[in-house]
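Take a look at the structure set out below.
The values are calculated or read from the model by the stated rules, or taken from the named source; none is laboratory data. The shown structure was predicted, so the numbers you read here are calculated from the model rather than taken from an experiment. Note that we place each Cβ from the backbone using ideal geometry, even for glycine, and neighbour counts take in every protein chain shown.
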Amino acid sequence: MTFLWPQFLWLLLALPLLVLAYLWLLRRRQQTALRFASLSIVREAMGKGPGWRRHVPPVLLWLALAAMLLASARPMASIVLPSQQQTIILAMDVSGSMRATDVEPNRLEAAQAAAKAFLAELPRHVRVGIVAFAGTAQVVQPITLSREDLVAAIDKFQLQRATAIGSAIVVALGELFPGQGLDLASLTHGRNSDSFAPQGRSLEQARKDQQPPAAPVPPGSYTSASIILLTDGQRTTGVDTAEAAQLAADRGVRVYTVGIGTVDGEVIGFEGWSMRVRLDEDTLKSIARTTQGEYFYAGTADNLKQVYESLSTRLTVEKKETEISALLALLASVLALLSAGLSLFWFNRVL
């Protein structure tokens with residue numbers, strides 16, 4: 001446990017002084033009591049005394065004061081709380097490689113089914129947006145609370161050529177931060193893997209030219225939103241994946257990557273050409289590592305559904321450092337009320 005105002009802990013020194021004062025009052029009461037010739041007669045006339053009960057209300061009041069003094073120092077503790085992540089961007093691969101059948105019935109249909117199951121598991125207050133990417137990336141469903149609109153957008157996916165993973169991350173960030181100039185058109189031509197920005201500018205230079213420039217924050221520190229990237233991980237065009245991941249890291253946004261398919265892959269044919277499509281786990285692990293996210297492998301349709309279910313839990317509950325002053329203040333109030341209540345019930349007075 002840490003404290004934001006540790007100087008207030010000096011007030012705790014008053015607690016042992018209160019104990020000494022209480023003991024002094026008890027001794028003084030005994031010294032000022034009337035002396036009788038036969039104490040046994042007095043005890044018999046008075047009946048059984050309060051005994052240990054006389055000390056309970058003062059002890060409870062003492063504990064209440066201790067809790068209040070601790071609260072004044074603003075303690076911080078790591079506790080499990082509902083996450084502050086209120087927005088999730090699903091970035092889903094719709095490139096031609098997603099027609100591979102190493103995940104039944106094929107990668108795309110398995111991803112669609114798992115994504116819809118994931119949406120059904122999310123709390124209704126979590127907003128979701130969807131980005132689809134192939135040779136380029138675009139928002140197919142702006143951030144919304146409507147699960148029906150999200151499902152409809154997922155059902156309309158159409159396979160296209162090429163895979164621009166980095167562009168998908170940039171577009172997702174642009175949806176999360178609409179006022180920061182994260183415009184894909186200004187960052188990449190989107191035609192081949194070597195052209196990142198108009199007029200030969202690198203992505204790094206384009207990022208520096210943004211007005212106003214975004215001040216970097218620690219990776220993973222932005223807890224209001226996250227990105228879930230589902231792909232087979234084989235980039236062929238668009239923004240460089242590593243630089244796009246760094247853009248997300250600089251804004252504190254975690255990117256959770258989900259690899260679909262198998263490492264060996266399979267040969268697919270499309271419009272007269274064929275190629276072997278393999279899962280590029282290294283790229284997806286690198287994205288997750290850079291952004292303080294996590295990588296999940298989904299080799300089968302059942303595994304993919306399990307991955308999304310685990311993501312739902314991860315994105316809605318988290319353990320983090322939180323100020324607990326309010327909890328201690330509540331405890332102090334309960335103890336003080338209990339002290340006064342017991343005193344009234346047993347002795348017809350408040351302490």
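Assorted remarks:
- In this structure, Gly166 does satisfy being part of a helix (DSSP H, G or I) and either touching a Gly at 6+ places or on another chain (Cβ under 7 Å) or touching a residue at least 12 places away in the same chain (Cβ under 8 Å) (or both).
- All strands (runs of 3 or more DSSP E) inside segment 251-336 with 1 or more residues being over 22 Å from Val103 (Cα atoms) and modelled with pLDDT under 80: 317-323
- Residues satisfying the stated conditions in segment 111-135, i.e. part of a helix (DSSP H, G or I) and either farther than 24 Å from Thr241 by Cα or among the aromatic types (Phe, Trp, Tyr) (or both): Ala113, Ala114, Lys116, Ala117, Phe118, Leu119, Ala120, Glu121
- Output for segment 116-153, where each listed residue is of a type in the set (A, V, I, L, M) and loosely packed, with under 14 Cβ neighbours inside 10 Å: Ala120, Leu145, Ala152
- Restricting attention to segment 193-250, the residues being within 21 Å of Val139 (Cα to Cα), aliphatic (A, V, I, L, M), at pLDDT below 65 and not in a helix (DSSP H, G or I) number 1.
- Qualifying residue in segment 326-342 (condition: surrounded by fewer than 17 Cβ atoms within 10 Å (Cβ to Cβ), over 30 Å from Leu61 (Cα atoms) and without any contact (Cβ under 8 Å) to a residue 40 or more places away in the chain): no
- Hits in segment 99-133 (condition: farther than 19 Å from Ile227 by Cβ, of a type in the set (S, T, N, Q) and either at pLDDT 85 or above or not assigned by TED's automatic domain parsing to the domain that holds Gly261 (or both)): Asn106
- Subset of segment 89-110 [surrounded by 17 or more Cβ atoms within 10 Å (Cβ to Cβ) and not in a loop (DSSP other than H, G, I, E, B)]: Ile89, Leu90, Ala91, Met92, Asp93, Ser95, Gly96, Ser97, Met98, Arg107, Leu108, Ala110
- Taken over segment 151-163, the criterion of being in a helix (DSSP H, G or I) and either outside the structural domain of Phe118 (by TED's automatic domain parsing) or free of Cβ contacts under 8 Å to residues at least 40 places away in the same chain (or both) is satisfied by Val151, Ala152, Ala153.
- Residue list for segment 278-315, restricted to those being in contact (Cβ under 8 Å) with a residue 60 or more places away in the chain and closer than 25 Å to Gly252 by Cβ: Thr283, Ile287, Thr290, Thr291, Gln292, Gly293, Val307, Tyr308, Leu311, Ser312, Leu315
- Subset of segment 212-246 that is surrounded by 24 or more Cβ atoms within 10 Å (Cβ to Cβ) and aliphatic (A, V, I, L, M) - its residue that is farthest from the chain's Cα centre (by Cα): Val239
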